[in-house]
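The structure appears below as structure tokens.
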Amino acid sequence: MDMMMGAFDGGGFGWGKEGGGKGWGKGGFAGGGKGKMMPQWMAGPYGKDGGKGAGKGAWGKDGGKARAKQWSDTGPDNAWKPGEYFEEPGTGIEGLKDAITRAVEPHAPAELKWSKPEMINKLCMNIFNISSKWWKNDPRHKETGTAIQAQALLEEFTEKLMSGLAATCSDKPWFLEIYLSEAIALAAINTFKDGTLFKRTVAPIIVTHVDEAIFRYREEERHSVVMWDAVSSVGIKADYLKKANKHLGTSFEAAHISAKYGTSPAATPELGMVQDFVSAWLQEFSQRGWDILNNGINNPTQDQQVGVLTTLFQYLCDPAHSCLPHDLTSQLDAPPPANWDFIAAEAIKIMTGAA
């Protein structure tokens, strides 16, 4: 973690006094300094210009063959193999293997298919490959911008990495629990350090933004699982399940804005806002899912429709696997209870036209 502390805005790999110049200063970058120390990443496969030269860096005119050759000539006794992550000054992402090794440690005993070295290698290679493609194809970090734009780009980068890792590890129970914030932050620093968008962003903030982005990604993935489980367990016909699941997700997103916050009476204002959201979610789904409530359930009487809505949303709001927005529930002293009566009352209002 220490290596990230000075990655942006001074220290170690930081910029010199003027952020540019001919000589390499003690802080790593130019500013008319007399020192000869060059940051490791600048001396690495990206070339003197930090990757700006089309033919001098790792990618070169041959589309990356030079880099592959470099890797094939590294390691003890030239023992590097394709698909094997290799890290040394100027090659790979500094600190990545160590961060992943520590992250894997508590989960390795539960992994039945991969050995611990295989877990480490697969995660490192995925992160390195995705980061390398981003660095090559996306120049946005080299543009000037605001801190908000830097955060948005960092969140997009994190989501891209998590999606790529999920393609390899989605069937692994530990994937939703393993700590990846440090590893992805290191990858972000390695990818964005030569750009101006992050020139005033300190490393601890990068870790914080990455941590928040990972949390949101995992919440969205968890929500998608819970929503499918919910529509599959309330008596909706098989032919209507996909349609119901789609409407449930769309109405969830719409309710964030359409909810009339501050209108629902409750024991506390915070609980009232949660109720406002649930009420909007119920209404959005009942409108979009009219066909499901009338044709997608057996014997679609009003009582049956109320029963389906109640059971569906009580499942979604159950504290054991709640899909309620974290931004709202985090303000509560305690989450809404299982079999929440408020949901049944709202379902009756909606189906009787009293809402």
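The values are calculated or read from the model by the stated rules, or taken from the named source; none is laboratory data. Everything numeric here is computed off the predicted structure, so don't read it as measured data. Quick reminder, even Gly has a Cβ in these numbers, built from the backbone with ideal geometry, and neighbours come from all protein chains shown.
Condition first: among the β-branched types (Val, Ile, Thr) and touching a helix residue (DSSP H, G or I) at 6+ places or on another chain (Cβ under 8 Å). Now tell me which residues in segment 288-308 satisfy that. Residues satisfying the conditions are ILE292, ILE297, VAL306, VAL308. Checked against (1) closer than 21 Å to PHE198 by Cβ; (2) not assigned by TED's automatic domain parsing to the domain that holds ILE189, TYR85 passes all but condition (1). When segment 152-176 is examined, which residues are found to be surrounded by fewer than 19 Cβ atoms within 10 Å (Cβ to Cβ) and under 13 Å from the mean Cα position of the chain (by Cα)? If the condition is that a residue be surrounded by fewer than 19 Cβ atoms within 10 Å (Cβ to Cβ) and under 13 Å from the mean Cα position of the chain (by Cα), then ALA152, GLU155, GLU156, GLU159, LYS160, SER163, GLY164, ALA166, PHE175, LEU176 are the ones that fit. Being buried (at least 17 other Cβ atoms within 10 Å of the Cβ) and acidic (Asp, Glu): is that true of ASP276 here? It is true that ASP276 is buried (at least 17 other Cβ atoms within 10 Å of the Cβ) and acidic (Asp, Glu). Tell me yes or no: at least one residue of segment 240-254 is of a type outside the set (Asp, Glu), over 15 Å from HIS321 (Cβ atoms) and at pLDDT below 95. The answer is no, given that none of the residues of segment 240-254 is of a type outside the set (Asp, Glu), over 15 Å from HIS321 (Cβ atoms) and at pLDDT below 95. Taking each residue of segment 252-278 that is touching a residue at least 60 places away in the same chain (Cβ under 8 Å) and looking for partners that are among the hydroxyl-bearing types (Ser, Thr, Tyr) with beta-carbon atoms closer than 8 Å, six or more apart or interchain, yields VAL274/THR329; GLN275/SER264. Residues that are within 16 Å of THR310 (Cα to Cα) and exposed (fewer than 13 other Cβ atoms within 10 Å of the Cβ) within segment 230-257 comprise just one, SER233. Scanning segment 88-107 for residues that are modelled with pLDDT under 95 and on the phi < 0 side of the Ramachandran plot yields GLU88, PRO89, THR91, ILE93, GLU94.
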